[in-house]
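Visitor: Sharing a structure, written as structure tokens. Questions coming.
Throughout, read-outs are computed from the coordinates displayed, never taken from laboratory work. Keep in mind that what you see is a predicted model, and the values were worked out from it rather than measured. Because the Cβ atoms are built from the backbone with ideal geometry, glycine has one as well, and the counts that use them run over all protein chains shown.
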Amino acid sequence: MGGHSKRSCSVEIRRAEPPTPPPPTPAFYVQCDGIPDVSDYYYEDGVYNGKPLYKKPDSLFYVWWDDNESWIVNATPGVLAGGYYYYINPTVYGRYSSENPYTGGLDVNPL
């Protein structure tokens, strides 16, 4: 008699963790020669006044469209008090000027 022994098999089912998403791609680089220095890569972060809203990774500064033909760089979208950099042009790329108490200027450069 060729007896077969029954083997017990145990299978552990583990829930697969989703893969880590890749880091976001920056939209552009800001090179600043003024005060405050807002130089850094900026990332798209939604829409503001019908155009993309951009922010620094530390979220201390934003680039936003003021709906009055200007791009603005400052700490709070929609608020022009306390100084800012500005660029009167429908495209975000270019040379920005400063409004007191900000000084100097900056360039928004495509990657």
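Visitor: Filter the range 89-106 for residues that are farther than 17 Å from Pro52 by Cα, touching an Asp or Glu at 6+ places or on another chain (Cβ under 8 Å) and not in a loop (DSSP other than H, G, I, E, B) and give the result. Before you say what the answer is, go through the steps one by one.
Guide: So the first thing to find is which residues in the range 89-106 are farther than 17 Å from Pro52 by Cα, and the list is 95-106.
Filter once more, so that each one left must be touching an Asp or Glu at 6+ places or on another chain (Cβ under 8 Å): 95-96, 104-106.
Once the filter is applied, which keeps residues that are farther than 17 Å from Pro52 by Cα, touching an Asp or Glu at 6+ places or on another chain (Cβ under 8 Å) and not in a loop (DSSP other than H, G, I, E, B), the range 89-106 yields Arg95, Tyr96, Leu106.
Visitor: Okay, moving on. Hey, among Pro26, Pro21, which residue is under 21 Å from the mean Cα position of the chain (by Cα), at negative phi and exposed (fewer than 12 other Cβ atoms within 10 Å of the Cβ)?
Guide: On the way: Pro26 fails: exposed (fewer than 12 other Cβ atoms within 10 Å of the Cβ).
Unique residue meeting the criteria: Pro21.
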